[in-house]
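Input: a single structure, listed below in structure tokens.
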Amino acid sequence: MKRAWAIAAAVAVCVLVALGIGARGDDDGAKTYEIVLDNAFGLTQGGDFKIAGVRAGETGDVHLEGQARPLAVVDAKVTKAGLADLRADARCEVRPQSFIGEYFIDCQPGTSRRRIPDGGRVPVAQTSSTIPLDLVNNILRRPFRDRL
């Protein structure tokens, strides 16, 4: 009987340790960044946020800042452990994901020694946006084609 209680106690301790490790690993490495863009066309809340081409998390809210020259500020949350390491010279761009108008943010992490802290910003000088394909295709329609 004592042996059964000892085994049950050991199993219970193992289960509690496993649950503790699992709960601790949920937010491991999770960071948020603010990415400042001239144009946030096509970005949606919950869209892909990639670092060096690898899906690292998702985009959050998009809000405007500034009066004379409004800029879009996109919140991006890194949810994959080990990928939250953007540097001060990181470069981000909005890229098309498919032909139906889905877009995502892809950042190159940079090589600077200084890391962007949690909640830090990637400035507009280090970002770029793509020109939507439908706008390029509009050039081929009349009267734009004739003018071109």
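The values are calculated or read from the model by the stated rules, or taken from the named source; none is laboratory data. If you're wondering where the values come from, they're calculated on a predicted model, not measured in any experiment. Positions of Cβ are backbone-derived with ideal geometry, glycine not excepted, and every protein chain shown enters the neighbour counts. SASA here: full protein model, heavy atoms, side chains in, ligands and nucleic acids out. Shrake-Rupley method; radii C 1.70, N 1.55, O 1.52, S 1.80 Å.
Once the Cβ-Cβ distance of Thr32 and Ala125 is raised to the sixth power relative to R0 = 22 Å, the FRET efficiency obtained is 0.60.
Taking one quarter of the surface of the C-alpha convex hull of the stretch 38-84 gives a mean projected area of 3.6 nm². Of Arg115, Arg87, Arg55, the order by accessible heavy-atom surface (1.4 Å probe, DNA, RNA and ligands excluded), from most exposed downward, is Arg115, Arg55, Arg87.
All distinct Cα pairs of the stretch 77-125 go into the 1/r average, and the inverse of that average, the Kirkwood radius, is 12.1 Å.
Protection proxy ranking for 131-139, 35-43, using the average of other Cβ atoms within 10 Å per residue and placing the highest first: 35-43, 131-139.
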